[in-house]
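Novice: Handing you a structure now.
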Amino acid sequence: MYVGVTWGTRAPAKSTSDRLSAGGNDRHTSAAMLSICARHTRGGIYLCNYLTTQRAGGPAPCHVSTSQPSLSKGHRDYSLPNASWSQNLQDLYNKYQELTKNGDWKRLPSYNTSVHHREGDPMDGERENRLFTRNLDKDGVGLEYCMFYNKAEKRMVCIFQPGPYLEGPPGFLHGGCTATMIDSTAGGGAVCTVGPVFTANLNIDYRNPILLGSTAIADSTVEKVDGRKVYTRCTVRGHDDKVVYAEATGLFIKSSNL
Ligand SMILES: CCCCC/C=C\C/C=C\C/C=C\C/C=C\CCCC(=O)SCCNC(=O)CCNC(=O)[C@H](O)C(C)(C)COP(=O)(O)OP(=O)(O)OC[C@H]1O[C@@H](n2cnc3c(N)ncnc32)[C@H](O)[C@@H]1OP(=O)(O)O
């Protein structure tokens with residue numbers, strides 16, 4: 001039976017990434033880097049490329065690591081920082097991690113299959129299905145993100161960094177991917193508030209294009225629950241809140257079939 005999300009109980013107690021994030025700007029200390037290299041070398045070839053978008057005037061850094069976690073070796077919590085994360089994403093992660101300390105906010109662990117989010121589901125075994133937002137094996141080329149939920153405010157925040165494989169207009173994020181992040185964030189907020197839901201309706205106003213490699217925040221609130229209907233509102237902004245990328249409303253229907 002689906003009982004909702006697990007609050008990090010399966011995440012490693014103190015991963016390299018956590019140690020790094022705790023260190024904030026110390027993340028590039030030599031000891032930490034050696035530790036990361038050792039970890040990635042075990043899982044594949046470690047390489048950190050520094051890519052830039054080709055757009056004149058505003059290249060955003062995009063770091064890509066080629067570590068290739070295997071699904072069957074599983075259980076990786078993909079919401080933890082990795083070498084592909086930009087400093088802006090890392091800073092936002094540190095900020096929200098800090099907010100989790102008094103219990104108001106919870107970090108959601110994130111796996112690459114939907115079922116691994118369900119309590120009681122086996123965490124091992126081969127699975128072909130992949131979560132849409134976690135379907136690329138290389139860190140940094142697709143979506144890097146982490147969600148935080150505030151129960152009292154019925155609010156879900158997703159900090160994210162879209163990689164180079166998500167291009168729509170040259171240098172910019174595909175609008176369908178923006179929609180995916182809105183759907184996932186608002187849907188995740190609805191799931192955390194009422195339990196399993198289906199998306200019934202999503203309305204999006206795209207205000208500004210999102211540069212690939214940049215860091216953005218999707219910020220969603222459950223505004224009303226009316227029977228099985230869950231009404232949400234979501235805004236996507238830049239990491240420093242200076243630009244609004246998109247504004248959306250979403251209707252989710254509580255389902256007993258999930
Ligand atoms: C990426 C994941 C990250 C999440 C992290 C968080 C937690 C992790 C846990 C688990 C991860 C899983 C999920 C995360 C959540 C969301 C992200 C992805 C979500 C999706 O990707 S999901 C796929 C796309 N989605 C569909 O594939 C739905 C297709 N569709 C249907 O399956 C049915 O259509 C359904 C079920 C929607 C309703 O069907 P139904 O038979 O159950 O209910 P019914 O029709 O009676 O409607 C009941 C009342 O809603 C009103 N109503 C219905 N639809 C409306 C509409 N469009 N506009 C206005 N009102 C509407 C009616 O008017 C009535 O209102 P009233 O009660 O007042 O009469």
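The values are calculated or read from the model by the stated rules, or taken from the named source; none is laboratory data. Since the structure is predicted, the reported quantities are computational estimates derived from the model, not experimental observations. Positions of Cβ are generated from backbone atoms using ideal geometry, with glycine treated the same way; all protein chains shown enter the neighbour counts. Heads up: the accessible areas ignore ligands, DNA and RNA and are worked out on the full protein's heavy atoms, side chains in. Shrake-Rupley method; radii C 1.70, N 1.55, O 1.52, S 1.80 Å.
Novice: Suppose we keep only residues that are outside any strand (DSSP E or B) and in contact with a His (Cβ under 8 Å, 6 or more places away or on another chain) within segment 132-168. Which one would you say is least open to solvent (accessible area, probe 1.4 Å)?
Specialist: Filtering segment 132-168 for residues that are outside any strand (DSSP E or B) and in contact with a His (Cβ under 8 Å, 6 or more places away or on another chain), the one least open to solvent (accessible area, probe 1.4 Å) comes out as G140.
Novice: Same structure, new question: Does G168 meet the test of being touching a helix residue (DSSP H, G or I) at 6+ places or on another chain (Cβ under 9 Å) and among the small types (G, A, S)?
Specialist: Taking the combined requirement at face value, the residue satisfies it.
Novice: Only one of I217, I182 is within 15 Å of the ligand (Cβ to nearest atom) and within 19 Å of the chain's Cα centre (by Cα); which?
Specialist: After applying the criteria, what remains is I182.
Novice: Now for a different question. Of G176, G171, which residue is open to solvent by less than 40 Å² (accessible area, probe 1.4 Å), more than 23 Å from P109 (Cα to Cα), free of Cβ contacts under 8 Å to residues at least 12 places away in the same chain and not hydrophobic (A, V, I, L, M, F, W, C)?
Specialist: Just one listed residue meets the conditions, G176.
Novice: Please go through segment 220-243 and give me each residue that is open to solvent by 20 Å² or more (accessible area, probe 1.4 Å) and under 18 Å from T180 (Cβ atoms), ordered by number.
Specialist: Of everything in segment 220-243, those that are open to solvent by 20 Å² or more (accessible area, probe 1.4 Å) and under 18 Å from T180 (Cβ atoms) turn out to be R233, T235, R237.
Novice: Checking L212 against (1) touching a helix residue (DSSP H, G or I) at 6+ places or on another chain (Cβ under 7 Å); (2) open to solvent by 60 Å² or more (accessible area, probe 1.4 Å); (3) over 25 Å from W105 (Cβ atoms), only one condition comes out false. Which one?
Specialist: It is condition (2) that L212 fails.
Novice: Condition (residue is more than 15 Å from C234 (Cα to Cα), within 11 Å of the ligand (Cβ to nearest atom) and touching a helix residue (DSSP H, G or I) at 6+ places or on another chain (Cβ under 8 Å)) applied to segment 144-164: is it met by at least one residue?
Specialist: Yes, there is a match, as at least one residue in segment 144-164 is more than 15 Å from C234 (Cα to Cα), within 11 Å of the ligand (Cβ to nearest atom) and touching a helix residue (DSSP H, G or I) at 6+ places or on another chain (Cβ under 8 Å).
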